[in-house]
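The values are calculated or read from the model by the stated rules, or taken from the named source; none is laboratory data. In this text, all values refer to a predicted model and were calculated from it rather than measured experimentally. Here the Cβ positions follow ideal geometry from the backbone for every residue, glycine too, while neighbour counts run over all protein chains shown.
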Amino acid sequence: MRKRKNIILFSCLLILCIAGMATGVACAESRTIAYDANGIPYIAGEIIVKFNSEAIAARMATFGAGDDLYQISHMDTYMMESLNTLDFSVESDLSHIIPGMQLASIDQTVPVETAVQMLEQSQYVVYAEPNFLISLNPVEQTAEDTQSFATHAAQSLRAPNDPMYSSQWGLTKIQAEKAWEVTTGKQDIIIAVIDTGVDYNHPDLAANIWRNPREVPNNGIDDDRNGYVDDYYGYDFFNRKANPMDDNGHGTHVAGIIGAVGNNGVGIAGVNWNVKILPLKFMGADGTGDIISAVNAINYARQMGASIITCSWGGKGNSQALADAIRQTNALFVVAAGNEGTNNDITAYYPANLGYSNVIAVTATDISDQLGSFANYGQRTVNVAAPGVGILSTHPTNKNSYVQKSGTSMATPFVSGIAGLMLSANPRLSPAQLKSLIIQNVDSVPSLSSRVSSGGRVNAEKAVNAARGGNPTPTPTLTPTSTPTQIPTPTPTITMWPTPTITITPTPTPTITIWPTPTVTPTQTPTPTPTITIWPTPTITPTKTPTPIVTWTPQPTRTMRPMPTLPTLPIDIPWDRFAINPTFLHV
């Protein structure tokens, strides 16, 4: 009888792998935690299997229409025996996310390594792995760090009026005010926070919370037919319900750093004053989750159009299922480096160590740009640093509206926020381009040169300007003199004495400094000094009568021959072209 049951089960597995039918997600109830040979925790009695859908489809095509399930199941006798031994039973079909993927329950007395080995010997299995556990790190808890509360003064007229802004040292460190002179974010940029949930009713977050425009809340109907009922604010993949409310506090803190409403006279300001935060809960109140819940959350974020996905978590379990979900998603994954104070180049931490072009790994620094004592690092595997020690942000209103936390989890959302501003300035940027521009435009910090691949801490102003297509480095000059300095006024200033010098900041073309001043010999009849039109290039229009032609070249020094009197030319300098740019274990 049991043999017949597994024949039917295996046959159904084959059909599921081909058809890609979604059967929902596994429930988080009644978990038993076990540990593999490396001490990595996983959920006992569960296993993730990716079947080779193409090989199964090709083999099934060789059977005739009249062949029964018993005959079809014998395409792989070893597989039948393995399923029988493991007491294999499908809990959730995930082939709509990753072709051929299933979450199955197995006999809890069978070690997971044994189950993986048995299944992977079949030609119809691509890989099998445990459903690894993900937990919050103890370092990321409310802590009173007095140095982080050192107040700072506003740096520009773009400073927000939020009363706690002066305690947000991290925003000053990344030059957020200058970036805000360019953009404060846009409501059409969706940033998913895959975490413990988000308090979507928080007064400093509510206006920036994503809402499903195709779903009617609380009507018990899957209005948009995406497989989730009443997912108006996102979804809770831990408890399998449409209420991603944060019952831990971690996710809400992360969300506030990214997008607390700015300049609203309430609490704090986020890196983005305007944005859409998509709350996705995959960890419970105790701060634990699993790979399958994370994979489901990532797929939801992809479905709903998230451009940036914040993952302030990680662990030592190298999950191929998680890697597949990330790799096939067209979004920038901003991930935490970890809070064990170890070198990720030596001891891998995932997903930070994936190294994909759409994954940027972040570690944490303090107010003095020193690496946090708890922060993981890696000259090859960790990309950038961001403020992550004593960071003030939002907290669920049923506990404490604002708290201070430390961790690479806090550094990660700073980078997510910068990426959001960059997309607001240039929505055409790809995930790989976002990653590259963020890395290329850090502030170099000597103490980080051997700790992160970029050698520095993120700078919002530089990254945003680079996203717009501007030059992230000082404008080059054609003379051996120093680069012209930027001025705080919105229009360039021309100083006529002692020599004509034009300071244009910033400009897409090199600045030409003329030195020394060309000498013009006047005629006997007094005439006004010739006026030179600078745009698009320095030229002098000849008069109707033959006159010597003066050509300006980028030579360090040129003495001009005497020239006759030139008529006054109209000044037509397009000043608007020279506008100054004002600006999971969890971690």
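A few comments on the model shown:
- Out of Y356, Y300, sole residue that is outside the structural domain of P41 (by TED's automatic domain parsing), outside any loop (DSSP other than H, G, I, E, B) and among the aromatic types (F, W, Y): Y300
- Region 92-136: number of residues that are within 16 Å of A44 (Cβ to Cβ) and in contact with a Lys or Arg (Cβ under 8 Å, 6 or more places away or on another chain): 1
- Residues of region 286-299 that turn out to be surrounded by fewer than 23 Cβ atoms within 10 Å (Cβ to Cβ) and farther than 18 Å from P41 by Cβ, as a count: 1
- Answer from Q320, Q379 - the residue that is surrounded by fewer than 23 Cβ atoms within 10 Å (Cβ to Cβ), within 17 Å of I134 (Cα to Cα) and either of a type in the set (A, V, I, L, M) or at pLDDT 95 or above (or both): Q320
- Condition broken by P203, with the remaining ones in (1) surrounded by 21 or more Cβ atoms within 10 Å (Cβ to Cβ); (2) more than 18 Å from the chain's Cα centre (by Cα) satisfied: (1)
- Test for V335: is it closer than 22 Å to G305 by Cα and surrounded by 24 or more Cβ atoms within 10 Å (Cβ to Cβ): yes
- Applying the condition of being more than 20 Å from G197 (Cβ to Cβ) and in contact with a Gly (Cβ under 9 Å, 6 or more places away or on another chain) to region 304-317 and asking which residue is surrounded by the fewest Cβ atoms within 10 Å (Cβ to Cβ) yields K316.
- Exactly one residue out of V382, V415, V362, V389 is closer than 26 Å to I189 by Cα, hydrophobic (A, V, I, L, M, F, W, C) and part of a loop (DSSP other than H, G, I, E, B), and it is V382.
- Exclusive hit being at pLDDT 95 or above, farther than 22 Å from I367 by Cβ and polar (S, T, N, Q), set S430, S409, S401, S416: S430
- Residue check for G227: out of contact with any strand residue (DSSP E or B) (no Cβ under 9 Å at 6 or more places or on another chain) and closer than 19 Å to T196 by Cβ: no
- Candidates in region 333-353 are the residues that are aromatic (F, W, Y) and not in a loop (DSSP other than H, G, I, E, B); of these, the one that is farthest from the chain's Cα centre (by Cα) is Y350.
- Filter result (under 21 Å from the mean Cα position of the chain (by Cα), more than 16 Å from S135 (Cα to Cα) and part of a loop (DSSP other than H, G, I, E, B)) within region 229-249: Y233, G234, P244
- Checked against the criterion of being closer than 16 Å to I257 by Cβ and touching a Phe, Trp or Tyr at 6+ places or on another chain (Cβ under 9 Å), the candidates L392, L371, L448 yield just one match: L392.
- The residue of region 220-247 that is surrounded by the most Cβ atoms within 10 Å (Cβ to Cβ), among those that are closer than 20 Å to V295 by Cβ and touching a helix residue (DSSP H, G or I) at 6+ places or on another chain (Cβ under 7 Å), is Y235.
- Of all residues in region 255-264, at least one satisfies being modelled with pLDDT of 95 or more and over 21 Å from the mean Cα position of the chain (by Cα).
- Conditions (1) touching an Asp or Glu at 6+ places or on another chain (Cβ under 8 Å); (2) buried (at least 23 other Cβ atoms within 10 Å of the Cβ): number failed by P351: (1)
- Set E177, E215: member being surrounded by fewer than 24 Cβ atoms within 10 Å (Cβ to Cβ), among the acidic types (D, E), closer than 22 Å to S416 by Cβ and in contact with an Asp or Glu (Cβ under 9 Å, 6 or more places away or on another chain): E177
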